[in-house]
Amino acid sequence: DRNKLTLGLWSGSLTLEDIKINPKAINRFKLPFKFLFGKIKKLSLLIPWKQNFSVPTEITVDSIQIVLTATSDSKKWEYTDYNNYENKLYYLLKFSNERMLQLAQSFIEETKKMEMEKTGQAPVQKQEKKNTFWEGMVVKILDNLQVKFKNVHIRIEAPFDNNKTSFGVSLEEMFVVNTNEKWEEEFIDRNIRKNANIF
């Protein structure tokens, strides 16, 4: 329900349950495996609107099941050295910036649309100028995004029909947080420290 989703986002606390992951969303990347199935039991999002984003935005993914299979055609595989720091940073920033800007833009447009419907106003022409306030907020969210994974199970199956070999990996917990150069957890505000590094 889009209205409930918008209300949850504005309240700063949103919980979604029994989410099915769309395989097409993963398979569009040129990876050496095919995504077969994915399900998240519970996804929680805490957005610190009231604290003016002075504390991290938290995403908690609880009980995730993923089933993968390797692609049988090795010619389609593309190798990228993700251990290379520059490559890691490039792909991470490229993907996260694209997705967060898309999400922020759709959220803004949906909110404006709902406000106009409430007041009975006609839709306003889309502004060409970039909204620097929202862009700055998106950067702040990305800089301080905390992701917590709980109860992760990944199953990898053989790509051939006659081969029933598979193996799995289970993780009880995994946390992704931002730190300073001493690997101490730290909140980063690039309005104050423009050249701050993120670890």
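Numbers at a glance
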{"read-out": "Residues whose placed amide H lies under 5 Å from that of residue 33, excluding near-sequence neighbours", "value": "71"}
{"read-out": "For residue 179, distant residues with modelled amide H under 5 Å away", "value": "186, 199"}
{"read-out": "Low-density loop positions, GluC sites (Glu not before Pro), segment 145-189 - DSSP coil, at most 14 other Cβ in 10 Å", "value": "181, 184"}
{"read-out": "For segment 87-103, 3J(HN,Hα) per residue [Karplus equation, 6.51 cos²θ - 1.76 cosθ + 1.60, θ = phi - 60°, Hz, x = Gly/Pro]", "value": "5, 4, 4, 4, 5, 5, 5, 4, 5, 5, 5, 4, 5, 5, 5, 5, 5"}
{"read-out": "Those aspartates and glutamates that a straight Cα-Cα span of less than 16 Å connects to residue 30, excepting residues fewer than 8 apart in one chain", "value": "73, 78, 81"}
{"read-out": "Estimated vicinal HN-Hα couplings, Hz - segment 64-69 in sequence order (Karplus 6.51, -1.76, 1.60; Gly, Pro = x)", "value": "10, 10, 10, 10, 10, 9"}
{"read-out": "Accessible surface of segment 9-62, 1.4 Å probe, proportion on carbon and sulfur as whole %", "value": "58"}
{"read-out": "3J(HN,Hα) from dihedral phi, segment 151-157, Karplus parametrisation 6.51/-1.76/1.60, rounded to Hz, x for glycine, proline", "value": "6, 9, 10, 10, 10, 10, 9"}
{"read-out": "Pairs from 42/140; 24/94; 20/148; 24/194 whose Cα-Cα separation, in the structure shown, is over 29 Å", "value": "24/194"}
{"read-out": "Long-range HN-HN contacts of residue 21 with modeled amide H, under 5 Å", "value": "38, 39, 40"}
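The values are calculated or read from the model by the stated rules, or taken from the named source; none is laboratory data. Only a predicted model underlies this, so the values are computations on that prediction, with no experimental measurement involved. Here Cβ is always computed from backbone atoms with ideal geometry, including for glycine, and neighbour counts include all displayed protein chains. For accessibility, only protein heavy atoms count, side chains too; no ligands or nucleic acids. Shrake-Rupley method; radii C 1.70, N 1.55, O 1.52, S 1.80 Å.
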